[in-house]
Structure formats: C-alpha cells, structure tokens
Amino acid sequence: DAGVTQSPTHLIKTRGQQVTLRCSPKSGHDTVSWYQQALGQGPQFIFQYYEEEERQRGNFPDRFSGHQFPNYSSELNVNALLLGDSALYLCASSFSGVYGYTFGSGTRLTVV
Amino acid sequence: QKEVEQNSGPLSVPEGAIASLNCTYSDRGSQSFFWYRQYSGKSPELIMFIYSNGDKEDGRFTAQLNKASQYVSLLIRDSQPSDSATYLCAATEDSSASKIIFGSGTRLSIRP
C-alpha cells in the first residue's frame, strides 16, 4: 500500500521563476493538504483540496495556487519565487481530518 | 488567529525516564488533537490522536486531553535514544476537522 508520494525531492530555483510540486495521496484518501515548513518552524497550512476544489486556504498570497485531479493527485504551483519561499513543502492526505493526516516525504525547495 | 503553542525546548531527558511534552490551543471549537514526531530532515509521522477528555495509551505513549483547560500533553515512558526528535502538537480548526493547525514543535533529546 503506497503512502503519500511527492516529487521532486529537491529543487533549486532562481528568484522570479515558477515551480510546480506534485503529490499522489495515500490509497483510499481523497483530501490533499499542502504545508510549508521553514527551518525550525512547524508546518504552515497553505490550502486543502477536496473533490477537485480548494476547500480551505491559509494566509498565503495568490502566488501560491493548486489543483486536484480526478484521481485525487494534486499540484502546488508557486509563481514569482522569493528567497523567503525556500522551505520544505509537505503534502498530506486524509480521508477525514478527524483521524489526522499522512505526510509525504516532502519537497525541499531552495530559491537562490 | 487560532494557534497551537508549544515550548520549543530543547527538553533533555535521561534514557529510561518519562518525557513529558505539553501543548495549549486557542480554538475552543477544536475537536481532534494530534502528536506527530519529526526526525531531522524528515517529514512528520503521526504517533497519537485523541478527541475525548482524559488519557489515551498506545504502547509507551500516553496522550492526555483537557478541553476545559485547552491543554494537550504527551508522555513517553521508558524513553529511548531513538525518541530524540521534534514533537509537533496539532489540532483541527473548529468542528470542520478539515484543517489541522500545527505548533512549532518541541525538540526532545534523550541522553544515554
């Protein structure tokens, strides 16, 4: 039973560029949430997708956008990258948030 | 701003002793609470969840919830060096359970 898979593992981008991160949820899960985790901090909620729609959004600018596909996989897009966007981006899937999320291994994004 | 607060540590505990980790939350509507373990450079791993007042035990781990005091704790008995990690406390945002908010984590170090 595959868990949550994320790609790529690591990424280096230049300021101003755009990036797309990908996530496949755990089998049986239909909800995908994205988090940003800066070094030494807890994960910060970016947004959540359910039934191919953004259900909730955290305090992140519109440069952060996403998508969920019919097979429940999801993408996170970040435009006009800033140095401050450097972080570990975590995808988490769930069937119901009551029982918690299962996290992928994350994508380490470095903006130079 | 709904928050989950933790002491950042580090908390140093001798091997074999009980480690006690604490967390408070601001949203009285939160229904479910979680403890995640995160090793350095890795993604968070769910170790316990609790939604009823009182204690919940799973092996060497006991989660405690006091909704009146908005307080959650995690006890780790017979601490092992492999328990050295950052422990993240998390709570659902109100009754929707669709969004989980994380604290900044407590770094636990088990000394031999």
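The values are calculated or read from the model by the stated rules, or taken from the named source; none is laboratory data. This one's a predicted model, so the numbers in the text were calculated from it and none came from an experiment. Cβ: placed from backbone, ideal geometry, glycine included. Neighbour counts: every protein chain shown.
Below is a table of values for the structure above.
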{"item": "Residues being outside any strand (DSSP E or B) and either at pLDDT below 95 or more than 7 Å from every other protein chain (Cβ to nearest Cβ) (or both) - total across segment A:88-112", "result": "8"}
{"item": "Qualifying positions in segment A:27-79 - under 17 Å from A:Ser7 (Cβ atoms) and of a type in the set (D, E, K, R)", "result": "A:Glu75"}
{"item": "Filtered residue count, segment A:1-51, keeping only those that are in a loop (DSSP other than H, G, I, E, B) and hydroxyl-bearing (Ser, Thr, Tyr)", "result": "3"}
{"item": "Selection count where residues are more than 18 Å from A:Phe95 (Cα to Cα), of a type in the set (S, T, N, Q) and not in a loop (DSSP other than H, G, I, E, B), scope segment A:52-77", "result": "2"}
{"item": "B:Glu45 vs. criteria modelled with pLDDT of 95 or more, within 17 Å of B:Gly105 (Cα to Cα) and either of a type outside the set (Val, Ile, Thr) or crowded, with 17+ Cβ neighbours inside 10 Å (or both)", "result": "yes"}
{"item": "Condition check for A:Ser65: touching a Lys or Arg at 6+ places or on another chain (Cβ under 8 Å), more than 22 Å from B:Arg37 (Cα to Cα), away from chain B (no Cβ under 14 Å) and free of Cβ contacts under 8 Å to residues at least 60 places away in the same chain", "result": "no"}
{"item": "Residue selected from segment A:7-34 under the condition more than 26 Å from B:Thr106 (Cα to Cα) and of a type in the set (S, T, N, Q), by the criterion surrounded by the fewest Cβ atoms within 10 Å (Cβ to Cβ)", "result": "A:Thr14"}
{"item": "Number of positions in segment B:10-54 that are part of a loop (DSSP other than H, G, I, E, B), within 9 Å of chain A (Cβ to nearest Cβ) and within 18 Å of B:Ile101 (Cβ to Cβ)", "result": "5"}
{"item": "Within segment A:35-56, tally of residues that are surrounded by 16 or more Cβ atoms within 10 Å (Cβ to Cβ) and more than 8 Å from chain B (Cβ to nearest Cβ)", "result": "5"}
